[in-house]
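Working notes for the structure below.
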Amino acid sequence: MFEILLVILFVDVDLILTEHSRTDNDYTKRLLLSDPDVINSRLVEMERMYQLLKREMIDMNTTLSTALSEGKGKTENLQRTLQKVSDSGSTYVRWGRKQCSGTDTETIYTGFTAGQLQEGPTLSSRYGGPSNILCLPNNPETSNITTVGRSLIYGTEYEETFFGAGAADEDAPCAVCRSHYTYASIMIPGRKSCYSGWKLEYHGYLASNHYGYKASSYICVDNKPEFLQGGKSNQNGNLLYATATKCGSLPCPPYDDNFAVYCVVCSK
């Protein structure tokens, strides 16, 4: 930087010489060139300019370093936020299918739809026991400990052709799914599309056990159900029937009598 200022000085001196060459006063020219006060004042001015430029460069470097540091911090915060979003997710069961599908959805495990026996050997034994339906994984870790079996769990069959041609007596699969970038999942009965702001995972028909047998939960069976390989035999364990609406205490409209009920699974 100082070398640049010296160049400027020499240029100024050259201009001074040129200007004075146009006059006839050689004595004045020699006096100006040899005047130490003139040269010293210019050197002092150049030093001042140099110090100003130096301070400006230091300030610019400090500002740039601060900006880069803040930018790095913001980038790291953004990366952490994106990682948290990526790690988030909600889960649901896709009944009647072996795999999950859809954008940003993973299959946690695939398995067998299962529940308690749909009826007991006598009328009085048709009641009691658990009512929920489970998705048992197809790669279990068994305990190897026997029990008397006062609580039992059975595989589940489609009991009607409503679920598809040849579906009767076929065994029902299931898959447990995780929807990425979401925090909640919900099954909505009576709908085949999600409300605004929710992502569609799948839709189908509401199903449960027969109302005359043991209680079971309502589940949403995929509208294009699959069957388990080798599950055609009629074992009558836990059974699935399509659920219909019944007018009376249920207002019609908006519902209709004996119509199959849609269902949809949505995430947000």
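Is any residue of the stretch 168-196 close enough, with backbone N under 15 Å, to a label point placed 7 angstrom from the Cα of T103 along the Cα-Cβ axis, and if so, which? Answer for the stretch 168-196: 179-182. Relative contact order for the stretch 164-232: 43 percent, from Cα pairs under 8 Å spaced at least 6 residues apart, divided by residue count. Past 25 Å, Cα to Cα, is the threshold; run K72/K268; K199/K224; K98/K246; K192/K214; K224/K268; K192/K246 against it and keep the listed order. Correct reply: K72/K268; K98/K246; K192/K214. Rolling a 1.4 Å probe over the protein heavy atoms leaves M57 with an accessible area of roughly 100 Å². Estimated at 0.36 nm per residue, the fully extended path between N258 and A165 surpasses their Cα-Cα distance by 31.4 nm.
The values are calculated or read from the model by the stated rules, or taken from the named source; none is laboratory data. Here the structure is a predicted model, which means the values were calculated and not measured. No Cβ is skipped: glycine too gets one built from the backbone with ideal geometry, and neighbour counts run over all protein chains shown. Just so you know, the surface numbers come from the protein's heavy atoms only, side chains and all, with ligands and any DNA or RNA stripped out. Shrake-Rupley method; radii C 1.70, N 1.55, O 1.52, S 1.80 Å.
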